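Written below as structure tokens is the structure these notes are about.
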Amino acid sequence: EHTLVAKKLLTLAIVNREGRVLLGLKKRGFGEGYYNGFGGKVEVGETVEAAARRELQEEAVIIAGNIKKQGLLTFHFDDKPQPWEVHVFNVLDYNGEPCETDEMSPQWFSHDQIPFDKMWKDDEIWYPHFLAGHLFQGEFFFRNTHHLDSYNFDVVSKL
Ligand SMILES: Nc1nc(SCCc2ccccc2)c2[nH]cnc2n1
């Protein structure tokens, strides 16, 4: 039957400026030890965009200016009942200086030196499209945190 399982709404904000991306090394919690953009849960009554801006400030201590919604990624995990729906934003400009928090240790990487071996396995599939400014949608099926079983991925004309 077609039961609807609510998806967990999450944000992911990646600062992409002058040929470099700002990533954070997750110091604890889910995805600890991985490099990732900045993000987290969308709270009740919060827009996805407001959540993306809030999480960036909380995790990297910078205030996003122009941001561009570029991706919609759905993650399924064998050991989690709820799929994750991650809204990916490109942070085109910001105010302040990135600094370390108890959650994240920020670091700049040039586009040709992105540490995919220390990132989620799906990232190497969609980052090239993110960096090229494409709009994209993807659905990824994880056996566990470190094993991506299968996926569908498309560049789209609008999200
Ligand atoms: N890049 C990437 N990110 C995530 S979770 C992003 C959203 C998030 C969740 C929890 C804390 C902070 C940020 C992924 N999950 C599965 N593959 C993945 N790839």
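Quick one: would you say HIS129 is of a type outside the set (Asp, Glu), open to solvent by 50 Å² or more (accessible area, probe 1.4 Å) and under 14 Å from the mean Cα position of the chain (by Cα)? The answer is yes for HIS129. Of the residues making up the stretch 97-122, those that are open to solvent by 50 Å² or more (accessible area, probe 1.4 Å) and at pLDDT 95 or above number 12.
Can you confirm whether GLY71 is under 13 Å from the mean Cα position of the chain (by Cα) and modelled with pLDDT of 95 or more? So GLY71 fits the description; yes.
Given ALA50, ALA64, ALA13, which one is aliphatic (A, V, I, L, M) and within 13 Å of the ligand (Cβ to nearest atom)? None of the others qualify; the one that does is ALA13.
Without any contact (Cβ under 8 Å) to a residue 40 or more places away in the chain, in contact with a strand residue (DSSP E or B) (Cβ under 7 Å, 6 or more places away or on another chain) and surrounded by 17 or more Cβ atoms within 10 Å (Cβ to Cβ) - does that describe any residue in the stretch 149-159? Yes; the residues of the stretch 149-159 include at least one that is without any contact (Cβ under 8 Å) to a residue 40 or more places away in the chain, in contact with a strand residue (DSSP E or B) (Cβ under 7 Å, 6 or more places away or on another chain) and surrounded by 17 or more Cβ atoms within 10 Å (Cβ to Cβ).
What's the total number of residues in the stretch 74-102 that are out of contact with any strand residue (DSSP E or B) (no Cβ under 7 Å at 6 or more places or on another chain) and within 11 Å of the ligand (Cβ to nearest atom)? Of the residues in the stretch 74-102, 1 are out of contact with any strand residue (DSSP E or B) (no Cβ under 7 Å at 6 or more places or on another chain) and within 11 Å of the ligand (Cβ to nearest atom).
The values are calculated or read from the model by the stated rules, or taken from the named source; none is laboratory data. These numbers were taken from a predicted model, which means no experiment stands behind them. Don't worry about glycine lacking a Cβ; one is built from the backbone with ideal geometry, like all the others, and counts go over all protein chains shown. To get the accessible areas, we keep the full protein, side chains included, count just its heavy atoms, and leave off ligands, DNA and RNA. Shrake-Rupley method; radii C 1.70, N 1.55, O 1.52, S 1.80 Å.
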